[in-house]
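Presented below is the structure to which this report refers.
The values are calculated or read from the model by the stated rules, or taken from the named source; none is laboratory data. Because the structure is predicted, anything quoted here is derived from the model rather than measured. Using ideal geometry, Cβ is built from the backbone for each residue, glycine included, and neighbour counts are taken over all protein chains shown. Surface areas here come from the heavy atoms of the whole protein model, side chains and all, with no ligands, DNA or RNA. Shrake-Rupley method; radii C 1.70, N 1.55, O 1.52, S 1.80 Å.
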Amino acid sequence: MATIESLLRERVALQVRSVDRLFLQAYVPRLMSEGLLVRFLLDRGFPIPSPALLGKIGQRYVRAIERFAKRQAVPVVHFQRRESKEDVARPYFERAEREGRFGVVLIGVAQERACVWVGWRRGGSDAHPHFEFGWQSRVPNHYYFYVRDREWGRAFVKCCCYAPYPLWLCLNGHEWAKRQAEQAGIDYQSLDNGFRSCADGEALAAICARLSAREVWAFFRRWQRILPSPFSDEDRQRGYRYQLAFRQLELSDTRVFARPEQGRQWFERVLRDQLTLGRPDRVQVVFARRVIRTTPGRFLTRVLNRGDQPGLEVHYKASKVKQYLKEGRALRTETTVNDSYDFGIGRRLTDENWSALVRIGQEVNDRLLASQIEACACAPDAETLERIVLPSRDREGNACPALRFGDPRVQALLASLCCFTHLLSGITSRSLPPLVAGFLPRYSPRQMSYDLRRLRQNGFLVRTAGSQRYQLTPDGQRLAIFFAKTYARVVTPSLAELDPALPEQIASASALARSWRAFDRALDERIADAALAP
(Lines give C-alpha, C1' and ligand atoms only; values in the text may rest on other atoms or scores of the structure.)
Protein backbone atom coordinates (compact mmCIF):
# COMPACT_ATOMS: atom_id res chain seq x y z
CA MET A 1 0.00 0.00 0.00
CA ALA A 2 1.34 3.43 -0.92
CA THR A 3 2.24 5.71 1.98
CA ILE A 4 2.17 9.50 1.93
CA GLU A 5 5.97 9.44 1.70
CA SER A 6 5.98 7.06 -1.27
CA LEU A 7 3.24 9.08 -2.98
CA LEU A 8 5.40 12.21 -2.81
CA ARG A 9 8.54 10.30 -3.79
CA GLU A 10 7.21 8.10 -6.59
CA ARG A 11 3.91 9.52 -7.89
CA VAL A 12 4.75 13.22 -8.33
CA ALA A 13 5.25 14.17 -11.98
CA LEU A 14 6.36 17.79 -11.37
CA GLN A 15 7.48 19.84 -8.37
CA VAL A 16 7.64 23.64 -8.53
CA ARG A 17 8.86 25.88 -5.68
CA SER A 18 8.20 29.51 -6.41
CA VAL A 19 7.13 32.88 -5.13
CA ASP A 20 3.39 33.03 -5.72
CA ARG A 21 1.30 36.16 -5.10
CA LEU A 22 3.16 39.28 -4.13
CA PHE A 23 1.49 42.38 -2.71
CA LEU A 24 3.57 45.49 -2.00
CA GLN A 25 2.96 49.05 -0.96
CA ALA A 26 4.85 52.00 -2.41
CA TYR A 27 5.24 54.98 -0.11
CA VAL A 28 7.24 58.20 -0.14
CA PRO A 29 9.45 58.30 3.01
CA ARG A 30 9.65 62.10 2.85
CA LEU A 31 5.86 62.40 3.34
CA MET A 32 5.54 60.24 6.43
CA SER A 33 5.59 62.97 9.09
CA GLU A 34 3.89 66.34 9.54
CA GLY A 35 7.15 68.25 9.27
CA LEU A 36 8.12 66.47 6.06
CA LEU A 37 4.65 67.13 4.59
CA VAL A 38 4.98 70.84 5.35
CA ARG A 39 8.43 70.84 3.75
CA PHE A 40 6.92 69.23 0.62
CA LEU A 41 4.37 72.06 0.29
CA LEU A 42 7.05 74.70 0.88
CA ASP A 43 9.26 73.02 -1.74
CA ARG A 44 6.38 73.38 -4.17
CA GLY A 45 6.72 77.17 -3.77
CA PHE A 46 3.70 77.74 -1.50
CA PRO A 47 4.52 80.30 1.26
CA ILE A 48 1.70 79.04 3.49
CA PRO A 49 1.35 75.21 3.73
CA SER A 50 -2.43 74.90 3.51
CA PRO A 51 -4.48 71.68 3.29
CA ALA A 52 -6.24 73.25 0.30
CA LEU A 53 -2.98 72.80 -1.60
CA LEU A 54 -3.12 69.04 -1.00
CA GLY A 55 -6.63 69.06 -2.47
CA LYS A 56 -5.42 70.88 -5.58
CA ILE A 57 -2.58 68.39 -6.10
CA GLY A 58 -5.04 65.52 -5.75
CA GLN A 59 -7.45 67.07 -8.24
CA ARG A 60 -4.67 67.50 -10.79
CA TYR A 61 -3.74 63.86 -10.20
CA VAL A 62 -7.32 62.74 -10.94
CA ARG A 63 -7.47 64.85 -14.12
CA ALA A 64 -4.16 63.33 -15.25
CA ILE A 65 -5.64 59.85 -14.81
CA GLU A 66 -8.72 60.82 -16.81
CA ARG A 67 -6.58 62.25 -19.62
CA PHE A 68 -4.47 59.09 -19.61
CA ALA A 69 -7.56 56.87 -19.93
CA LYS A 70 -8.92 58.96 -22.80
CA ARG A 71 -5.60 59.18 -24.63
CA GLN A 72 -4.92 55.43 -24.34
CA ALA A 73 -8.58 54.48 -25.00
CA VAL A 74 -8.66 52.50 -21.75
CA PRO A 75 -12.13 51.63 -20.39
CA VAL A 76 -12.98 52.96 -16.93
CA VAL A 77 -15.24 50.88 -14.68
CA HIS A 78 -16.65 51.89 -11.29
CA PHE A 79 -16.68 48.84 -9.04
CA GLN A 80 -19.82 48.09 -7.11
CA ARG A 81 -19.76 47.28 -3.42
CA ARG A 82 -18.72 43.68 -2.68
CA GLU A 83 -18.12 43.08 -6.37
CA SER A 84 -15.19 40.82 -7.25
CA LYS A 85 -12.68 43.09 -8.94
CA GLU A 86 -10.78 40.10 -10.28
CA ASP A 87 -13.91 38.77 -12.01
CA VAL A 88 -14.61 42.18 -13.55
CA ALA A 89 -11.05 42.52 -14.89
CA ARG A 90 -10.77 38.97 -16.24
CA PRO A 91 -12.56 39.48 -19.59
CA TYR A 92 -10.49 42.60 -20.29
CA PHE A 93 -7.30 40.59 -19.75
CA GLU A 94 -8.59 37.75 -21.93
CA ARG A 95 -9.45 40.17 -24.74
CA ALA A 96 -5.97 41.73 -24.58
CA GLU A 97 -4.36 38.29 -24.67
CA ARG A 98 -6.37 37.27 -27.73
CA GLU A 99 -5.36 40.48 -29.48
CA GLY A 100 -1.74 40.27 -28.34
CA ARG A 101 -1.87 43.69 -26.63
CA PHE A 102 0.24 44.79 -23.69
CA GLY A 103 -0.34 47.77 -21.45
CA VAL A 104 -3.24 49.02 -19.34
CA VAL A 105 -6.37 47.02 -20.18
CA LEU A 106 -8.74 48.52 -17.58
CA ILE A 107 -8.94 51.30 -15.00
CA GLY A 108 -11.19 50.44 -12.08
CA VAL A 109 -12.49 52.97 -9.56
CA ALA A 110 -13.50 51.98 -6.02
CA GLN A 111 -14.12 53.84 -2.79
CA GLU A 112 -11.93 52.30 -0.10
CA ARG A 113 -10.91 53.33 3.37
CA ALA A 114 -7.40 54.68 3.78
CA CYS A 115 -5.34 56.63 6.30
CA VAL A 116 -4.46 59.99 4.72
CA TRP A 117 -3.16 63.42 5.67
CA VAL A 118 -5.85 65.90 6.76
CA GLY A 119 -5.22 69.54 7.76
CA TRP A 120 -7.09 72.07 9.87
CA ARG A 121 -6.54 75.64 10.96
CA ARG A 122 -4.97 76.22 14.36
CA GLY A 123 -4.56 79.94 15.14
CA GLY A 124 -2.85 82.70 13.23
CA SER A 125 -4.37 85.71 11.46
CA ASP A 126 -6.36 85.63 8.25
CA ALA A 127 -3.33 86.97 6.44
CA HIS A 128 -1.02 84.35 7.93
CA PRO A 129 -3.10 81.41 9.19
CA HIS A 130 -1.44 78.48 10.95
CA PHE A 131 -2.37 74.92 9.95
CA GLU A 132 -1.81 71.54 11.55
CA PHE A 133 -1.82 68.16 9.80
CA GLY A 134 -2.62 64.69 11.09
CA TRP A 135 -3.48 61.19 9.96
CA GLN A 136 -7.19 60.43 9.65
CA SER A 137 -9.30 57.68 8.14
CA ARG A 138 -11.13 58.64 4.94
CA VAL A 139 -12.89 56.80 2.09
CA PRO A 140 -11.44 58.33 -1.09
CA ASN A 141 -11.52 56.93 -4.60
CA HIS A 142 -8.80 54.43 -5.43
CA TYR A 143 -7.79 53.79 -9.03
CA TYR A 144 -6.84 50.29 -10.16
CA PHE A 145 -4.63 50.11 -13.24
CA TYR A 146 -4.92 46.56 -14.56
CA VAL A 147 -1.88 46.00 -16.75
CA ARG A 148 -0.66 43.20 -18.98
CA ASP A 149 3.10 43.28 -18.69
CA ARG A 150 5.55 41.52 -21.02
CA GLU A 151 7.56 40.21 -18.09
CA TRP A 152 4.88 39.64 -15.44
CA GLY A 153 1.69 38.99 -17.36
CA ARG A 154 -1.43 40.03 -15.43
CA ALA A 155 -0.90 42.54 -12.62
CA PHE A 156 -2.39 45.70 -11.19
CA VAL A 157 -1.19 48.97 -9.68
CA LYS A 158 -3.52 50.78 -7.28
CA CYS A 159 -3.21 54.44 -6.35
CA CYS A 160 -4.85 56.89 -3.95
CA CYS A 161 -5.11 60.57 -4.91
CA TYR A 162 -4.95 61.80 -1.31
CA ALA A 163 -1.63 62.62 0.37
CA PRO A 164 0.72 60.84 0.93
CA TYR A 165 -0.29 59.34 -2.46
CA PRO A 166 0.45 55.67 -1.74
CA LEU A 167 0.58 52.96 -4.40
CA TRP A 168 -0.01 49.23 -4.19
CA LEU A 169 1.32 46.53 -6.52
CA CYS A 170 -0.05 43.04 -7.00
CA LEU A 171 2.16 40.59 -8.92
CA ASN A 172 2.36 36.83 -9.36
CA GLY A 173 5.61 34.89 -9.40
CA HIS A 174 4.12 31.97 -11.31
CA GLU A 175 3.01 34.30 -14.10
CA TRP A 176 6.51 35.78 -14.24
CA ALA A 177 7.96 32.25 -14.50
CA LYS A 178 5.56 31.43 -17.34
CA ARG A 179 6.71 34.48 -19.32
CA GLN A 180 10.36 33.51 -18.79
CA ALA A 181 9.67 29.92 -19.83
CA GLU A 182 8.01 31.14 -23.04
CA GLN A 183 10.98 33.36 -23.83
CA ALA A 184 13.34 30.41 -23.24
CA GLY A 185 11.25 28.15 -25.51
CA ILE A 186 10.26 25.73 -22.71
CA ASP A 187 6.94 23.99 -23.31
CA TYR A 188 4.53 23.80 -20.37
CA GLN A 189 0.88 23.35 -19.50
CA SER A 190 -0.75 25.82 -17.13
CA LEU A 191 -2.39 24.96 -13.86
CA ASP A 192 -4.58 27.57 -12.22
CA ASN A 193 -1.94 29.93 -10.84
CA GLY A 194 0.83 27.43 -11.50
CA PHE A 195 2.21 24.71 -13.76
CA ARG A 196 0.55 21.41 -14.59
CA SER A 197 3.43 19.97 -16.61
CA CYS A 198 6.72 21.13 -18.06
CA ALA A 199 9.06 19.68 -20.69
CA ASP A 200 12.13 20.67 -18.64
CA GLY A 201 11.48 20.65 -14.90
CA GLU A 202 15.06 21.53 -13.96
CA ALA A 203 15.11 24.58 -16.23
CA LEU A 204 11.77 25.70 -14.77
CA ALA A 205 13.15 25.31 -11.23
CA ALA A 206 16.12 27.48 -12.17
CA ILE A 207 13.78 30.15 -13.56
CA CYS A 208 11.70 30.22 -10.36
CA ALA A 209 14.83 30.47 -8.22
CA ARG A 210 16.03 33.43 -10.30
CA LEU A 211 13.16 35.70 -9.33
CA SER A 212 14.39 38.43 -6.98
CA ALA A 213 13.69 41.93 -5.73
CA ARG A 214 15.48 43.25 -8.81
CA GLU A 215 12.70 42.07 -11.14
CA VAL A 216 10.02 43.60 -8.89
CA TRP A 217 11.81 46.96 -8.85
CA ALA A 218 12.17 46.82 -12.65
CA PHE A 219 8.41 46.33 -13.00
CA PHE A 220 7.66 49.23 -10.66
CA ARG A 221 10.04 51.68 -12.33
CA ARG A 222 8.78 50.71 -15.78
CA TRP A 223 5.16 51.45 -14.93
CA GLN A 224 6.00 54.49 -12.85
CA ARG A 225 7.28 56.08 -16.06
CA ILE A 226 4.07 55.16 -17.92
CA LEU A 227 1.29 55.86 -15.41
CA PRO A 228 0.23 59.31 -14.16
CA SER A 229 1.93 60.56 -10.99
CA PRO A 230 1.27 63.35 -8.46
CA PHE A 231 5.00 64.14 -8.46
CA SER A 232 6.81 66.24 -11.03
CA ASP A 233 10.36 65.72 -12.23
CA GLU A 234 11.42 68.54 -9.92
CA ASP A 235 9.80 66.74 -6.97
CA ARG A 236 11.76 63.58 -7.76
CA GLN A 237 14.99 65.52 -8.01
CA ARG A 238 14.29 66.91 -4.53
CA GLY A 239 14.04 63.34 -3.21
CA TYR A 240 10.31 62.64 -3.31
CA ARG A 241 10.65 59.06 -4.55
CA TYR A 242 8.77 55.90 -3.74
CA GLN A 243 10.08 53.07 -1.58
CA LEU A 244 8.56 49.56 -1.79
CA ALA A 245 7.51 47.56 1.26
CA PHE A 246 6.15 44.04 1.68
CA ARG A 247 2.47 43.75 2.50
CA GLN A 248 2.05 40.07 1.58
CA LEU A 249 4.33 37.42 0.15
CA GLU A 250 3.29 33.87 -0.70
CA LEU A 251 5.88 31.10 -1.09
CA SER A 252 4.50 27.91 -2.61
CA ASP A 253 5.57 24.30 -3.09
CA THR A 254 3.41 22.63 -5.75
CA ARG A 255 3.61 18.89 -6.41
CA VAL A 256 1.57 17.62 -9.35
CA PHE A 257 0.58 13.97 -9.05
CA ALA A 258 0.67 11.68 -12.05
CA ARG A 259 -3.03 10.87 -11.52
CA PRO A 260 -5.62 13.06 -9.75
CA GLU A 261 -6.81 10.26 -7.44
CA GLN A 262 -3.32 10.03 -5.93
CA GLY A 263 -3.57 13.61 -4.70
CA ARG A 264 -6.91 12.94 -3.06
CA GLN A 265 -5.51 9.74 -1.54
CA TRP A 266 -2.54 11.64 -0.07
CA PHE A 267 -4.71 14.34 1.47
CA GLU A 268 -7.25 11.98 3.00
CA ARG A 269 -4.50 10.06 4.78
CA VAL A 270 -2.79 13.20 6.05
CA LEU A 271 -5.98 14.87 7.26
CA ARG A 272 -6.80 11.87 9.41
CA ASP A 273 -3.63 12.46 11.40
CA GLN A 274 -4.19 16.20 11.61
CA LEU A 275 -7.68 15.65 12.99
CA THR A 276 -6.66 13.21 15.71
CA LEU A 277 -3.20 14.35 16.68
CA GLY A 278 -2.53 17.74 15.19
CA ARG A 279 -5.21 20.17 16.30
CA PRO A 280 -4.00 21.92 19.46
CA ASP A 281 -5.58 25.22 20.38
CA ARG A 282 -2.41 27.17 19.89
CA VAL A 283 0.08 26.07 17.27
CA GLN A 284 3.64 27.13 16.61
CA VAL A 285 4.40 24.05 14.58
CA VAL A 286 6.42 24.86 11.56
CA PHE A 287 7.22 28.55 11.91
CA ALA A 288 10.32 28.09 14.09
CA ARG A 289 9.27 30.98 16.32
CA ARG A 290 8.75 30.80 20.05
CA VAL A 291 5.23 31.48 21.31
CA ILE A 292 4.53 32.56 24.88
CA ARG A 293 1.37 33.65 26.66
CA THR A 294 1.91 37.32 25.82
CA THR A 295 2.61 36.73 22.10
CA PRO A 296 -0.12 38.52 20.10
CA GLY A 297 -2.02 36.97 17.22
CA ARG A 298 -3.76 33.71 16.38
CA PHE A 299 -2.13 30.31 16.82
CA LEU A 300 -4.41 27.56 15.57
CA THR A 301 -4.88 24.77 13.08
CA ARG A 302 -7.98 24.60 10.91
CA VAL A 303 -9.15 21.86 8.58
CA LEU A 304 -11.14 23.36 5.74
CA ASN A 305 -13.34 22.01 2.98
CA ARG A 306 -13.59 24.05 -0.21
CA GLY A 307 -16.42 22.33 -1.99
CA ASP A 308 -15.18 18.76 -2.31
CA GLN A 309 -11.51 19.74 -1.93
CA PRO A 310 -9.97 19.44 1.56
CA GLY A 311 -7.58 22.00 2.96
CA LEU A 312 -5.44 22.64 6.02
CA GLU A 313 -4.33 25.94 7.56
CA VAL A 314 -1.84 26.60 10.37
CA HIS A 315 -1.75 30.19 11.68
CA TYR A 316 1.11 32.03 13.34
CA LYS A 317 0.49 35.66 14.30
CA ALA A 318 -0.49 37.46 11.06
CA SER A 319 1.03 34.76 8.85
CA LYS A 320 -0.05 31.24 7.98
CA VAL A 321 0.79 28.11 6.01
CA LYS A 322 -1.92 26.25 4.17
CA GLN A 323 -2.28 23.07 2.14
CA TYR A 324 -4.91 22.23 -0.43
CA LEU A 325 -5.47 20.37 -3.67
CA LYS A 326 -5.28 22.58 -6.72
CA GLU A 327 -7.62 21.47 -9.50
CA GLY A 328 -7.88 18.10 -7.74
CA ARG A 329 -4.44 16.92 -8.82
CA ALA A 330 -1.69 19.10 -7.34
CA LEU A 331 -0.69 19.38 -3.68
CA ARG A 332 -0.07 23.06 -2.93
CA THR A 333 1.78 23.89 0.31
CA GLU A 334 1.83 27.67 0.65
CA THR A 335 3.26 29.97 3.30
CA THR A 336 1.75 33.45 3.39
CA VAL A 337 3.72 36.15 5.19
CA ASN A 338 1.41 39.07 5.94
CA ASP A 339 3.84 40.82 8.27
CA SER A 340 7.57 40.29 7.88
CA TYR A 341 8.04 41.53 11.47
CA ASP A 342 6.57 38.17 12.57
CA PHE A 343 9.98 36.73 11.68
CA GLY A 344 12.18 39.66 12.62
CA ILE A 345 12.66 40.77 9.00
CA GLY A 346 12.29 44.33 7.70
CA ARG A 347 9.41 45.35 5.46
CA ARG A 348 11.40 47.24 2.82
CA LEU A 349 11.89 45.47 -0.51
CA THR A 350 15.61 44.78 -0.49
CA ASP A 351 17.66 41.83 -1.73
CA GLU A 352 18.45 40.88 1.85
CA ASN A 353 14.82 40.95 3.05
CA TRP A 354 13.62 39.17 -0.09
CA SER A 355 16.12 36.32 0.34
CA ALA A 356 15.30 35.97 4.03
CA LEU A 357 11.54 35.76 3.44
CA VAL A 358 11.91 33.29 0.57
CA ARG A 359 14.15 31.09 2.73
CA ILE A 360 11.69 31.21 5.64
CA GLY A 361 8.74 30.38 3.39
CA GLN A 362 10.51 27.37 1.89
CA GLU A 363 11.62 26.15 5.33
CA VAL A 364 8.08 26.44 6.70
CA ASN A 365 6.71 24.45 3.77
CA ASP A 366 9.40 21.79 4.20
CA ARG A 367 8.84 21.49 7.95
CA LEU A 368 5.10 21.05 7.54
CA LEU A 369 5.59 18.26 5.00
CA ALA A 370 8.31 16.65 7.12
CA SER A 371 6.12 16.63 10.25
CA GLN A 372 3.27 15.06 8.28
CA ILE A 373 5.51 12.33 6.89
CA GLU A 374 6.94 11.71 10.35
CA ALA A 375 3.45 11.27 11.78
CA CYS A 376 2.63 8.58 9.20
CA ALA A 377 5.92 6.66 9.38
CA CYS A 378 6.29 5.87 13.06
CA ALA A 379 6.44 2.06 13.50
CA PRO A 380 9.48 1.08 15.64
CA ASP A 381 11.49 -2.13 15.43
CA ALA A 382 10.79 -4.95 17.89
CA GLU A 383 13.95 -4.35 19.96
CA THR A 384 13.10 -0.66 20.49
CA LEU A 385 9.52 -1.52 21.37
CA GLU A 386 10.67 -4.10 23.95
CA ARG A 387 13.11 -1.62 25.51
CA ILE A 388 10.35 0.95 26.00
CA VAL A 389 7.54 -1.25 27.37
CA LEU A 390 9.77 -3.28 29.74
CA PRO A 391 12.14 -2.10 32.48
CA SER A 392 15.65 -1.67 31.09
CA ARG A 393 18.95 0.11 31.65
CA ASP A 394 20.56 2.92 29.69
CA ARG A 395 24.14 3.01 28.41
CA GLU A 396 25.41 4.24 31.79
CA GLY A 397 23.71 1.35 33.55
CA ASN A 398 20.95 3.45 35.14
CA ALA A 399 17.53 1.88 35.54
CA CYS A 400 14.90 3.04 33.02
CA PRO A 401 11.31 2.63 34.26
CA ALA A 402 9.02 1.05 31.72
CA LEU A 403 6.37 2.88 29.75
CA ARG A 404 3.85 0.06 29.67
CA PHE A 405 1.63 0.08 26.63
CA GLY A 406 -2.05 0.35 27.51
CA ASP A 407 -1.51 1.88 30.95
CA PRO A 408 -3.94 4.84 31.11
CA ARG A 409 -1.34 7.19 32.56
CA VAL A 410 1.27 6.22 29.98
CA GLN A 411 -1.19 6.61 27.13
CA ALA A 412 -2.28 10.03 28.39
CA LEU A 413 1.35 11.08 28.73
CA LEU A 414 2.37 9.93 25.23
CA ALA A 415 -0.75 11.37 23.62
CA SER A 416 0.16 14.72 25.18
CA LEU A 417 3.62 14.52 23.58
CA CYS A 418 1.95 14.41 20.17
CA CYS A 419 0.84 18.03 20.57
CA PHE A 420 2.52 20.06 17.82
CA THR A 421 3.42 22.89 20.18
CA HIS A 422 6.23 20.75 21.64
CA LEU A 423 8.11 20.64 18.34
CA LEU A 424 9.36 24.19 18.81
CA SER A 425 8.57 25.56 22.25
CA GLY A 426 9.71 22.48 24.13
CA ILE A 427 8.21 20.88 27.25
CA THR A 428 8.26 22.24 30.79
CA SER A 429 6.81 21.24 34.13
CA ARG A 430 4.20 23.97 33.53
CA SER A 431 3.17 23.11 29.96
CA LEU A 432 2.83 19.32 30.29
CA PRO A 433 0.36 18.82 33.22
CA PRO A 434 -2.62 20.64 31.59
CA LEU A 435 -2.27 18.47 28.48
CA VAL A 436 -2.08 15.22 30.45
CA ALA A 437 -4.96 16.32 32.69
CA GLY A 438 -7.11 16.58 29.58
CA PHE A 439 -6.82 12.79 29.24
CA LEU A 440 -6.31 11.85 32.89
CA PRO A 441 -7.93 14.03 35.62
CA ARG A 442 -6.15 14.66 38.92
CA TYR A 443 -2.66 14.47 37.43
CA SER A 444 -0.37 15.56 40.27
CA PRO A 445 2.95 17.50 40.18
CA ARG A 446 4.67 14.49 41.77
CA GLN A 447 3.50 12.24 38.95
CA MET A 448 4.63 14.82 36.44
CA SER A 449 8.17 14.95 37.90
CA TYR A 450 8.45 11.17 37.78
CA ASP A 451 7.11 11.02 34.21
CA LEU A 452 9.53 13.67 32.95
CA ARG A 453 12.40 11.66 34.44
CA ARG A 454 11.38 8.36 32.84
CA LEU A 455 10.69 10.03 29.49
CA ARG A 456 14.21 11.45 29.58
CA GLN A 457 15.73 8.11 30.62
CA ASN A 458 13.92 6.31 27.79
CA GLY A 459 15.20 8.78 25.20
CA PHE A 460 11.94 10.62 24.53
CA LEU A 461 13.24 13.93 25.87
CA VAL A 462 16.52 15.79 26.20
CA ARG A 463 17.03 18.72 28.53
CA THR A 464 18.00 22.05 27.01
CA ALA A 465 21.32 23.12 28.48
CA GLY A 466 21.03 25.73 31.22
CA SER A 467 17.23 25.50 31.52
CA GLN A 468 14.36 23.43 32.87
CA ARG A 469 12.97 22.97 29.37
CA TYR A 470 12.95 19.67 27.50
CA GLN A 471 12.95 19.03 23.77
CA LEU A 472 11.19 16.09 22.15
CA THR A 473 13.71 13.90 20.30
CA PRO A 474 12.96 12.58 16.78
CA ASP A 475 12.71 9.04 18.20
CA GLY A 476 10.52 10.32 21.01
CA GLN A 477 8.15 12.00 18.57
CA ARG A 478 7.99 8.88 16.41
CA LEU A 479 7.37 6.53 19.35
CA ALA A 480 4.78 8.79 20.98
CA ILE A 481 2.83 8.97 17.73
CA PHE A 482 3.07 5.18 17.29
CA PHE A 483 1.80 4.44 20.81
CA ALA A 484 -1.00 7.00 20.57
CA LYS A 485 -2.16 5.92 17.11
CA THR A 486 -1.99 2.21 17.94
CA TYR A 487 -3.97 2.61 21.14
CA ALA A 488 -6.56 5.02 19.70
CA ARG A 489 -7.03 3.41 16.28
CA VAL A 490 -6.32 -0.29 16.86
CA VAL A 491 -6.65 -1.37 20.47
CA THR A 492 -9.59 0.73 21.70
CA PRO A 493 -11.94 0.18 18.72
CA SER A 494 -10.92 -3.48 18.44
CA LEU A 495 -11.70 -4.22 22.10
CA ALA A 496 -15.09 -2.58 21.67
CA GLU A 497 -15.83 -4.78 18.65
CA LEU A 498 -14.71 -7.93 20.52
CA ASP A 499 -17.00 -7.27 23.48
CA PRO A 500 -19.25 -10.34 23.91
CA ALA A 501 -22.07 -8.05 25.02
CA LEU A 502 -22.01 -6.23 21.68
CA PRO A 503 -25.43 -6.69 20.01
CA GLU A 504 -25.37 -9.15 17.14
CA GLN A 505 -26.75 -6.56 14.70
CA ILE A 506 -23.79 -4.28 15.37
CA ALA A 507 -21.24 -7.11 15.51
CA SER A 508 -22.33 -8.41 12.12
CA ALA A 509 -21.28 -5.13 10.54
CA SER A 510 -17.69 -5.56 11.81
CA ALA A 511 -15.35 -7.92 9.97
CA LEU A 512 -13.21 -8.23 13.10
CA ALA A 513 -16.21 -9.03 15.32
CA ARG A 514 -17.53 -11.61 12.85
CA SER A 515 -14.14 -13.30 12.60
CA TRP A 516 -13.61 -13.29 16.36
CA ARG A 517 -17.03 -14.78 17.09
CA ALA A 518 -16.46 -17.44 14.42
CA PHE A 519 -13.11 -18.27 16.03
CA ASP A 520 -14.72 -18.35 19.47
CA ARG A 521 -17.40 -20.78 18.27
CA ALA A 522 -14.82 -22.96 16.53
CA LEU A 523 -12.70 -23.06 19.68
CA ASP A 524 -15.72 -24.02 21.80
CA GLU A 525 -16.50 -26.83 19.35
CA ARG A 526 -12.88 -28.08 19.48
CA ILE A 527 -13.00 -28.12 23.29
CA ALA A 528 -16.32 -29.98 23.20
CA ASP A 529 -14.92 -32.54 20.75
CA ALA A 530 -11.98 -33.13 23.08
CA ALA A 531 -14.47 -33.90 25.90
CA LEU A 532 -12.90 -31.31 28.17
CA ALA A 533 -14.94 -29.81 30.94
CA PRO A 534 -15.54 -26.06 30.48
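Ignoring lysines fewer than eight residues from Lys485 along the same chain, the ones with Cα atoms less than 25 angstrom from its Cα are Lys322.
Once the Cα atoms are used to define both axes, helix 351-375 deviates from the longest principal axis of the chain by about 20 degrees. Phi angles of region 187-193 translate, via the Karplus equation with coefficients 6.51, -1.76, 1.60 and θ = phi - 60°, into HN-Hα couplings of 6, 8, 10, 7, 10, 3, 6 Hz per residue; Gly and Pro are given as x.
Compared with the dominant Cα axis of the chain, that is its longest principal axis, helix 260-277 is turned about 70°. Across the protein chains, with a 1.4 Å probe defining accessible surface, the residues Ser444, Ser319 rank Ser444, Ser319 from largest area downward. Candidate cross-link partners of Lys326 among the lysines, defined by an alpha-carbon separation under 25 Å and a same-chain spacing of 8 or more, comprise Lys85, Lys178. In sequence order, region 426-439 has phi-based couplings of x, 10, 10, 5, 8, 7, 6, x, x, 5, 5, 4, x, 9 Hz under the Karplus curve 6.51 cos²θ - 1.76 cosθ + 1.60, θ = phi - 60°, and Gly or Pro positions carry x. Students often get this wrong, so try it: which of (i) 26.4, 122; (ii) 25.2, 86; (iii) 31.2, 123 is Rg and Dmax of the Cα atoms in Å as calculated from the structure shown? From the options (i) 26.4, 122; (ii) 25.2, 86; (iii) 31.2, 123, the structure gives (iii). Annotation: amide H-H contacts under 5 Å for Arg241 (H modelled 1.01 Å from N, sequence separation of 5 or more, or interchain): Arg30.
Write out the trypsin sites (Lys or Arg not before Pro) in region 425-497 meeting two conditions: DSSP loop, and at most 12 other Cβ atoms within 10 Å of their Cβ. Hits after loop and neighbour filter: Arg430, Arg442. Around the amide H of Leu191, modelled in the peptide plane, lie the amide H atoms of Arg196, all under 5 Å away and 5 or more residues distant in sequence or on another chain.
Counting only alpha carbon atoms, the long axis of helix 213-226 and the longest principal axis of the chain meet at about 30°. Each other residue within a Cβ distance under 14 Å of Phe439 adds +1 if Lys or Arg and -1 if Asp or Glu, for a net charge of 0.
Counting only lysines at least 8 places from Lys56 when in the same chain, those with an alpha carbon closer than 27 Å to its own are Lys70, Lys158. Calculated accessible area for the chain comes out at 52 Å² per residue, all protein chains present (probe 1.4 Å; ligands, DNA, RNA ignored). What does the charge count near Val62 come to, summing +1 for each Lys or Arg and -1 for each Asp or Glu among other residues with Cβ under 14 Å from its Cβ? Overall, the nearby charge balance is +4. Reported value for region 66-193: 153 Å³ per residue, from the convex hull of its C-alpha atoms. Backbone amide hydrogens, once placed in the peptide plane, bring Asp20 within less than 5 Å of Gly173, Glu250, Leu251, Ser252, excluding anything fewer than 5 places away on its chain. Protein heavy-atom surface of the chain, 1.4 angstrom probe: 50% of the accessible area is carbon and sulfur, with nucleic acids and ligands not counted. 3J(HN,Hα) couplings calculated from phi for region 50-60 with the Karplus curve 6.51 cos²θ - 1.76 cosθ + 1.60 (θ = phi - 60°) are, in sequence order, 9, x, 4, 5, 4, x, 5, 5, x, 5, 5 Hz; Gly and Pro show x.
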